[in-house]
1. For the pair B:Leu111 and B:Asn79, what calculated FRET efficiency results from E = 1/(1 + (r/R0)^6), where r is the Cβ-Cβ distance and R0 = 22 Å, to the nearest 0.05?
2. Report the residues of segment A:36-69 in range of a label on A:Gln8: point 7 Å along Cα→C-beta, backbone N strictly under 14 Å from it.
3. Could you work out the relative contact order of chain B? I mean the mean sequence separation of Cα pairs under 8 Å and 6+ apart, divided by the number of residues, in percent.
4. What does a probe at B:Asn71 reach in segment B:20-35, counting residues whose amide N is under 17 Å from the point 7 Å along Cα→Cβ?
5. Considering the options A:Ser74, A:Ser42, A:Gly96, tell which one lies farthest towards the positive end of the dipole of chain A, charges being +1 on Lys and Arg and -1 on Asp and Glu at the Cβ, about the Cα centre.
6. Take the Cα of A:Arg63, step 7 Å along the line toward its Cβ, and report every residue of segment A:87-108 whose backbone nitrogen sits under 16 Å from that point.
7. Please report, in Å, the Rg and the Dmax of segment B:18-111, where both are computed over Cα atoms only.
8. Tell me the chymotrypsin sites (Phe, Trp or Tyr not before Pro) within segment B:22-55 that lie in a loop according to DSSP and have at most 11 other beta-carbon atoms within 10 Å.
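Read-outs throughout are calculated quantities, based only on the coordinates presented, and are distinct from any laboratory measurement. Since this is a predicted model, take the numbers as computed values, not measurements. Cβ sites come from the backbone with ideal geometry, for glycine too, and all protein chains shown count toward neighbours.
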Amino acid sequence: AQKVTQAQTEISVVEKEDVTLDCVYETRDTTYYLFWYKQPPSGELVFLIRRNSFDEQNEISGRYSWNFQKSTSSFNFTITASQVVDSAVYFCARLGGYNKLIFGAGTRLAVHP
Amino acid sequence: DAGVTQSPTHLIKTRGQQVTLRCSPKSGHDTVSWYQQALGQGPQFIFQYYEEEERQRGNFPDRFSGHQFPNYSSELNVNALLLGDSALYLCASSLGSQPQHFGDGTRLSIL
C-alpha cells in the first residue's frame, strides 16, 4: 500500500522550543502532492501546506517550515519557537487518485507553558 | 464567506439504526469528499461526489452510501450501524485540484 507514516505518536515540548514532526511516504507515482493539516481539539482539519513533488525547495511560513526530500521520501515539518496555541494533532497526507487524501496516523503535539 | 458546514455536531445512535449526516461545501466548491476518523487515527477516505455522482470509493461496505444534490451539498448515510462505526465523520470540499477544506465534523457514537 502506498501509505504515509508518522512515526511519532506524541511529542511534548516546553514553549519556545523548536520541534520537528516527521513524515515518510510511499508512492509509485512520479508526480504527487503532499500535505500537512492541523487538527485542533475542535476537530476541524486546517490546511497548512501543499507541496508538489517537482518542487524540492524548502518552504518557510512564519514559524513554520517544511523540509521535502525526495531521496528519502520524507516531508518533515518544523515549528520554531513553539507556542501553546500550536498544541494540536498534525497530519501528513498524500494525494491519491481523484483528489483522495491518504493520511498518516497523526502526531499529537503538546506545548506546555 | 462560509466554510464547510456539517450537521449535526454530535449524534448518538444504537446498533442496527440508520443515520444521515449532512454537509454544505465551501462557496464555489463543487466536489465533496467524506472521511471517517476513528479515535486516535488518521482520517480514512469513504467516498467522493462530483456532479452528483460517486466518483471514487474507499474500502467501506455498501452500508455506507451518499448523495450529492444540485447545489453541491451532500449526505452520508450509514445503515445497520455497528459499534465500530463510532467515529468523527469529516466532510471536505474542493474545486478542481485545489486543496480540500474540511468542516468541523460530526461525532457519531453508537451504543
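1. 0.85
2. In segment A:36-69, the label zone of A:Gln8 (backbone N under 14 Å from the point 7 Å along Cα→Cβ) covers A:64-67.
3. 37
4. B:21-32
5. Most positive-ward Cα: A:Gly96.
6. A:87-90
7. 12.5, 39
8. For chymotrypsin sites (Phe, Trp or Tyr not before Pro) across segment B:22-55 that sit outside H, G, I, E and B with at most 11 neighbouring Cβ atoms in 10 Å, the list is empty.
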